[in-house]
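Have a look at the structure below, then the notes.
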C-alpha cells in the first residue's frame, strides 16, 4: 500500500465515516472524538493546537493572515484547546488577533505563567488575557516549573474567585520527570498536567501517565511529532494496510491517534504553520482509535520503517 499524498487526503477528508467508540471512557460526538476532563462533566477534543514556533510572526501582515486561516480551519474541523505561553514571543498577540478575526464559541483557552515573583506573575497573566482578548482563561498553567510554588498559591486563589477555570503545570522534552511525578501525587488542586509523549518518546508510560490516571489529572501532550522529526523519519515509508482499520490516511494521523488513544491522555497539541497540515492533524480527531493490541502493533511497525 502506498501512502496517499496530502492532496488526496484533503480530497477525501469530507468523506470521513461516523465515529466508533473505543472500549475506554471516550465520549462520542457526531463530529469529533472528545475526552472528559477528570472529575467534571466537560469534554474537550482529543486534538488541540500548540503555538510554539508557529504563531511567533511579529506583526507581519501576510503571515498573520495565514495564521487566521489556520485558526479558521482548526475551528471548522472541530478544534477546541489552543495552548500558548508568554515564552513564545509574539504568539499570544497573534492568537488574539486571529481570534478577533475569526471568533469562536468552542475555544478552550490555555496559556502559562513564566516569570519569577508573585506580582510579576499576576501582571503577566493579566497581560496574556489582554493579548488574547479573553475575560478569563479556561486553563492557566505554570510553565516549566518556574517559581511554581509561588504561582500555585496565586492560581488557587484565582480559581476560587472564578478568574480561571482550571489550573495546571507543564514540562517538556522529558525534563523534570521526578518533579512532575511529585506534583501529580501531592498537589490535588492541579487539574491539568502537560508533558512530552509520542510514539518514540514513551518514558511517560512508566510513571507519569499511570500517576495522572490514579490522581485524576487531565493530561496535555506536547511535542507529538518532535517538531516534524518523527514525520520526516517516516515520510518516505508507506502506512501499513491495517492503518485503515483506525481510519488513518496519513502519518500525522497515525502518530496522533497513537498518542490520544492512551487512556490517561486527554489531548495532544501539535503546532503547524500550514492550513493543509492543520486539516490533516485535525483529522485524527475523527474516526476510530486503536486498542491496546493495535497500539503495540503501531510501535513495532514504526520502529521498522
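Readers should treat all values here as calculations from the given coordinates under stated rules, not as data from a laboratory. Just so it is clear, the model here is predicted, and its values are computed rather than measured. With ideal geometry, Cβ positions are generated from the backbone for all residues, glycine too; neighbour counts draw on all protein chains shown.
Compute the acute angle (0 to 90°) between the alpha-carbon long axis of helix 251-260 and the principal axis of greatest extent of the alpha-carbon atoms of the chain; round to the nearest 10°.
Value to nearest ten degrees: 50.
Arranged from highest to lowest average of other beta-carbon atoms within 10 Å per residue, in what order do the peptides 58-70, 193-205 appear?
Going by the mean number of other Cβ atoms within 10 Å, highest first, we get 193-205, 58-70.
Order of 277, 286 from fewest to most other C-beta atoms within 10 Å?
In increasing order of surrounding Cβ atoms, one gets 277, 286.
Determine, for 173, 215, 178, the number of other Cβ atoms within 10 Å of each Cβ, and report the residues in order from fewest to most.
178, 173, 215
Using the Kirkwood radius over C-alpha pairs as Rh, can you work out the diffusion coefficient of the range 216-289 via Stokes-Einstein at 4 °C, viscosity 1.567 mPa s, in µm² per second?
Translational D for this selection: 101 µm²/s.
Compute the long axis of helix 148-161 from its Cα atoms, compare it with the longest principal axis of the Cα atoms of the chain, and write down the angle in degrees, 0 to 90, nearest 10.
Rounded to the nearest ten degrees, it is 90.
Using the alpha-carbon atoms, what tilt in degrees (0 to 90, nearest 10) does helix 118-132 show relative to the longest principal axis of the chain?
Approximately 50 degrees, to the nearest ten.
If I stretch the segment between residue 135 and residue 293 completely, what's the gain in nm (0.36 nm per residue apart, minus their alpha carbon distance), one decimal?
Working it through step by step, the gained length comes to 52.5 nm.
Classify the range 60-107 as rounded, prolate or oblate from the Cα gyration tensor: take a ≥ b ≥ c as the square roots of its eigenvalues, call it rounded if a/c is under 1.5, otherwise prolate when a/b beats b/c and oblate if not.
oblate
Between residue 120 and residue 59, what is the label-to-label distance in nm when each label sits 7 Å out along the Cα-to-Cβ direction?
The two pseudo-label positions are separated by 2.6 nm.
Per DSSP H run of n ≥ 4, the term is -39500 (n - 2.57); total these for the chain, divide by its residue number, and report the mean residue ellipticity at 222 nm rounded to 500 deg cm²/dmol.
That calculation yields -11500 deg cm²/dmol at 222 nm.
Taking a ≥ b ≥ c as the square roots of the eigenvalues of the Cα gyration tensor of the range 106-258, is the shape rounded (a/c under 1.5), prolate (a/b larger than b/c) or oblate?
prolate
Would you kindly state how much longer the chain becomes between residue 177 and residue 245 on full extension, computed as 0.36 nm times their sequence separation minus their alpha carbon distance, in nm to one decimal?
21.1 nm
Compute the distance in nm between two label points, each set 7 Å from the Cα along the Cα-to-Cβ direction, one at residue 276 and one at residue 149.
5.2
Taking the beta-carbon count within 10 Å as an exposure proxy, list 35, 135 from fewest neighbours to most.
Least crowded to most crowded, the residues run 135, 35.
Quick check on the range 35-91: take the gyration tensor over C-alpha atoms, sort the square-rooted eigenvalues as a ≥ b ≥ c, and tell me if it's rounded (a/c under 1.5), prolate or oblate.
Judged from the Cα gyration tensor, the range 35-91 comes out oblate (a/c at least 1.5, b/c at or above a/b).
Could you give the nm distance between label points at residue 157 and residue 303, where each point is 7 Å from its Cα heading toward the beta carbon?
Between residue 157 and residue 303, the label points sit 5.0 nm apart.
Antiparallel as a % of all DSSP beta bridges within the chain, to the nearest 5?
Antiparallel bridges: around 20 percent, rounded to the nearest 5.
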